[in-house]
Amino acid sequence: MKALRFEQFGTPDVLVHRDIPTPALNAGEVLVKIHAAAINPSDAKIVSGLFGGAVPRTPGRDFAGVVVEGNALVGKHVWGSGAGFGFRRDGAHADYVVLPASWLSEKPASLSMAQAAAVGAPFVTAWHALVDVGSLKKGETLLITGGLGAVGRAATQVARHLGARVIVAARSEAANDADDFIDLSKANLPDAVRKATWGKGTDLVLDAVGGAMFEPSLKSLAVGGRHLAITSVGQKRVEFDLADFYHNRSELLGVDTAKLSGEEIAGILDRLRAAFDNGSFKKPALRQWAFDQAGDAYRSTASGEAAAKNVLIMN
């Protein structure tokens, strides 16, 4: 089969196309013919060696395709976001991928293969953070820093689906579905959040920036508010006033979807499927690339220039 491989860690320039054997199945596994596979920023980071692992390896976390071998699922149209794909096991940027049957979720009927492949990581992260960890409730207010990125936009849809109010904060304004927008180039975040919440503060913050935004996000919380940390851009070490933290009865919660099992990811995708099929979520914007253009598609993703999700279309 055709597969995209990296045989050493580095920039997207290390990626090569190879002919490799189609993987054999172990008990409980299925073989999926890949129709489309997304390229996430995390895929480029995996190629760079940030996640460790062994080489050579096939990258690619998110995919959509058809089961062609293994148990009663044969013929099913499926989508997935594989646990450890690209660093603990070979991923989906290939003609076929093998994975346990319990890791699969049936593809939403309302989405094409390419659209389904584009959903994975951002929506899995947003759902896990807001629902499983943050326990966001109807009527609460959510603040999203870095809210114009893929995870932030997915989180906006998830939060509104749950009946929450959404405030997005970013350094440049662009079209978004939030109830309120804070331009961080012009406003102090805690002050702007207090103004938007009539002095209360936000019930939950999804901090998709971290670093220098960590403390301002923490200061934006209402009494008893929850802070979800999912990344830290620019610096890993942060500081804050511990007395203010405990007097406000704040909660600090870490979110790492790389620790989710394949079964847990499939369970989240099952819940997302229902929301896509009933029209609660928008179909994702995407840019399609032929498989032999994978290097250029990776460079587009790694540079951060992509306004839509880059998706490889397999032959």
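The values are calculated or read from the model by the stated rules, or taken from the named source; none is laboratory data. Everything numeric here is computed off the predicted structure, so don't read it as measured data. In this analysis, Cβ positions are derived from the backbone assuming ideal geometry, glycine residues included, and neighbour counts consider all displayed protein chains. Surface areas here come from the heavy atoms of the whole protein model, side chains and all, with no ligands, DNA or RNA. Shrake-Rupley method; radii C 1.70, N 1.55, O 1.52, S 1.80 Å.
Computed quantities for the displayed model
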read-out: The stretch 57-77, residues that are more than 16 Å from Lys45 (Cβ to Cβ), assigned to a strand (DSSP E or B) and open to solvent by less than 60 Å² (accessible area, probe 1.4 Å); value: Phe63, Ala64, Gly65, Val66, Val67
read-out: Number of the exception - Gly80 against (1) open to solvent by less than 10 Å² (accessible area, probe 1.4 Å); (2) at pLDDT 95 or above; value: (2)
read-out: Pairs where the first residue, in the stretch 226-248, is without any contact (Cβ under 8 Å) to a residue 40 or more places away in the chain and of a type outside the set (A, V, I, L, M, F, W, C) and the second is open to solvent by 90 Å² or more (accessible area, probe 1.4 Å) and not in a helix (DSSP H, G or I), C-beta under 6 Å, 6+ apart; value: Asn248/Val223
read-out: Criterion: of a type in the set (A, V, I, L, M), assigned to a loop (DSSP other than H, G, I, E, B), open to solvent by less than 10 Å² (accessible area, probe 1.4 Å) and touching a helix residue (DSSP H, G or I) at 6+ places or on another chain (Cβ under 9 Å) - qualifying residue of Leu111, Leu50, Leu130, Leu99; value: Leu111
read-out: Any hit, the stretch 20-41, residues being open to solvent by less than 70 Å² (accessible area, probe 1.4 Å), in a helix (DSSP H, G or I) and in contact with a Pro (Cβ under 9 Å, 6 or more places away or on another chain); value: no
read-out: Enumeration of residues in the stretch 133-152 that are assigned to a helix (DSSP H, G or I) and either open to solvent by less than 10 Å² (accessible area, probe 1.4 Å) or without any contact (Cβ under 8 Å) to a residue 60 or more places away in the chain (or both); value: Gly152
read-out: Total residues in the stretch 279-299, condition modelled with pLDDT under 95 and among the polar types (S, T, N, Q); value: 1
read-out: Residue check for Arg160: farther than 22 Å from Leu260 by Cα, among the basic types (Lys, Arg), open to solvent by 40 Å² or more (accessible area, probe 1.4 Å) and without any contact (Cβ under 8 Å) to a residue 24 or more places away in the chain; value: yes
